[in-house]
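Below is one structure, written out as structure tokens, with a few remarks after it.
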Amino acid sequence: MGCEALEREILLIHERLGDRYRNTFTTDPAEIQRLVEEISSSVEAPEEAVRCYVYEYLSLGKLTPFMMDDNLEEIMVVGHGLPVYIFDRIAGMKETDIFLSEAEVRRLIDRIARHNGRKVDSQTPLLDARLPDGSRVNATLPEVSPRGSTITIRKFRREPLTIVDLIRFGTMSTRLASYLWLAVEGLRTKPANILVIGGTASGKTSTLNALSAFVPENERIISIEDVLEISLMHRHWIPLETRPPDSEGNEITMDDLLKNALRMRPDRILVGEVRGEEALTLFTAMNTGHDGCMATLHANSAKETLSRLTSHPMNVPKIMIPALDIIVAQKKQMEGRTLRRRIFEVLEISGTEGDNVLTNTLFKQNPKRGTIEEVLINGRYMQHLSSLSNMSLREIDEELRRRETLLEVMARKRLRMKHIHEVVQLYYRSPEAAVEKLEGFVMGDRPRKKGWLDL
Ligand SMILES: Nc1ncnc2c1ncn2[C@@H]1O[C@H](COP(=O)(O)OP(=O)(O)OP(=O)(O)O)[C@@H](O)[C@H]1O
Ligand SMILES: [Mg+2]
């Protein structure tokens with residue numbers, strides 16, 4: 001970038017602009033570009049110097065070019081005298097040749113904290129916050145990270161991953177997607193309670209988000225997260241965010257928000273990440289008739305999930321576990337030189353026997369091909385659904401196939417979020433109209449000539 005060489009020019013721009021951009025802070029690539037153009041037209045300076053000025057004073061300094069790179073998932077400052085690391089969507093973790101001084105990192109952390117109306121200092125050396133473009137960010141000070149202040153940015157995707165993306169990336173099959181579609185909607189009688197589990201950055205939140213698109217639009221959705229990540233097209237959706245303790249120790253926890261959400265007459269509760277006492281509140285809700293709850297949980301297997309749920313600090317009594325219907329287990333793995341997220345197992349809870357929680361495996365990963373394959377569909381959940389909806393298992397299977405065909409076509413046509421939403425929601429009112437609408441889309445959502453691709 002060579003901004004160091006332009007130090008004098010940058011200072012001159014800063015002097016000329018005075019206070020004009022004092023309160024501006026942006027990490028959004030389009031907004032950064034717009035500011036460069038706006039400032040270039042108002043002060044006489046080389047465009048490169050203006051760009052450096054915007055990076056340095058109005059954005060994230062040397063980290064800004066990474067924010068503008070769409071191929072990155074994560075940006076990591078790991079400590080003083082160490083290079084910045086980036087996580088590439090395809091190649092995974094990479095070391096860069098960018099170094100930030102401790103003072104530079106602190107300046108950025110202060111800027112981020114100020115933007116979030118927060119303070120970080122030796123008393124509160126941890127920060128969970130959001131960047132102006134919606135990215136999730138965590139920062140730590142040397143009080144807790146002795147190798148120097150750190151910054152971890154999970155970059156926001158302008159368009160969140162959709163069910164079509166997950167099918168196209170091989171994260172799930174169309175068959176599994178159609179099963180989960182049915183489970184999320186529950187034929188309007190029994191939406192499933194679903195947990196998406198996996199290790200760090202395995203794609204749990206993205207899968208939860210993609211599945212939430214199947215919630216019928218006339219249902220009232222309340223989501224609860226530490227930092228807002230869920231992003232839906234539903235209008236009747238209330239996202240709630242926790243608040244960390246302030247100087248007086250006042251805090252609003254996941255559990256506080258969940259208890260509050262239960263007083264808001266929710267049809268759907270989505271929980272960003274269950275990890276503490278809110279687990280018991282969530283399972284109490286599920287056990288008292290709140291269906292269609294969906295949450296993510298950090299665990300590497302279904303077995304680990306059950307043991308985490310039933311021990312401290314979640315403390316969910318075993319007897320309450322069967323209110324959970326389905327566990328979707330996901331992982332990230334390198335396949336050759338490509339990083340992939342795969343759902344490797346889908347289980348349902350089938351009951352308890354003495355001290356054991358019983359499960360059925362519904363889908364399992366084929367170890368040779370990596371893909372997910374059906375093992376058993378008509379387990380406890382489907383049978384329950386069949387008896388509640390007055391549809392035979394055969395009729396439900398036909399419905400599954402219809403939705404699978406729709407998903408196949410959506411994936412083939414690479415439908416984007418907005419149009420997936422339209423087709424899915426229309427399907428609930430009129431499957432025929434949804435098919436017709438889908439026929440009207442071509443690759444990349446452009447309108448098309450009639451008769452191009454028929455179902
Ligand atoms: N199925 C997928 N295929 C490819 N990339 C994905 C997939 N799912 C998620 N990603 C990408 O991986 C990164 C992590 O995704 P996500 O935030 O959903 O994971 P997570 O498991 O919720 O992470 P955390 O443990 O930090 O909460 C994001 O950059 C996201 O865009
Ligand atoms: Mg997550």
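No lab work stands behind these numbers, since they all come straight from the coordinates. Quantities reported herein were computed from a predicted structural model and do not represent experimental measurements. Cβ: placed from backbone, ideal geometry, glycine included. Neighbour counts: every protein chain shown.
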Could you check the simple spin-label distance between residue 233 and residue 394, using points 7 Å along Cα→Cβ, in nm with one decimal? 3.6
What is the list of residues in segment 188-208 whose amide nitrogen lies under 13 Å from a point 7 angstrom out from the Cα of residue 300, following Cα to Cβ? 198-200
per DSSP, antiparallel bridges as share of beta bridges in the chain, % nearest 5, sits at 70
Evaluate E = 1/(1 + (r/R0)^6) for residue 90 and residue 30, where r is the Cβ-Cβ distance and R0 equals 25 Å; express this FRET efficiency to the nearest 0.05. 0.60
Relative packing of 146-156, 117-127, which averages over residues the other C-beta atoms within 10 Å, highest first: 146-156, 117-127
Taking θ as phi - 60°, what are the ³J(HN,Hα) couplings along segment 55-70 by the Karplus curve (6.51, -1.76, 1.60), each to the nearest whole Hz, with x for Gly and Pro? 4, 6, 9, 10, 9, 10, x, 5, 7, 4, x, 5, 5, 8, 9, 5
For every other residue with a beta carbon closer than 14 angstrom to the beta carbon of residue 98, add +1 if it is Lys or Arg and -1 if Asp or Glu, then tell me the sum. -4
Helix-only estimate, please: 222 nm mean residue ellipticity of the chain, summing -39500 (n - 2.57) across DSSP H runs of length 4 or more and dividing by its residues, to the nearest 500. -10500 deg cm²/dmol
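How do 237, 181 rank when sorted from fewest to most other Cβ atoms within 10 Å of their own Cβ?
237, 181
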No partner Cβ under 4.7 angstrom, meaning no disulfide-compatible partner by this rule: which Cys of the chain qualify? 293
Net charge around residue 397, counting only other residues with Cβ within less than 15 Å of its Cβ (Lys, Arg = +1; Asp, Glu = -1)? 0
Cross-link partners of residue 190 among aspartates and glutamates (Cα-Cα below 17 Å; sequence separation of 8 or more within a chain): 217, 219, 267, 291, 325, 348, 395, 397, 399
Scaled radius of gyration (Cα, divided by 2.2 N^0.38 Å) that segment 322-455 gives: 1.30
Normalised by the empirical 2.2 N^0.38 Å for globular proteins, what value does the Cα Rg of segment 163-445 take? 0.98
When 280, 393 are arranged by how many other beta-carbons sit within 10 Å of their Cβ, fewest first, they go 393, 280
Footprinting proxy, 290, 312, 14: sorted fewest to most Cβ within 10 Å, the residues are 312, 14, 290
Give, as a single signed number, the net charge of other residues whose beta carbon lies under 13 Å from the beta carbon of residue 51, with Lys and Arg counted +1 and Asp and Glu -1. -4
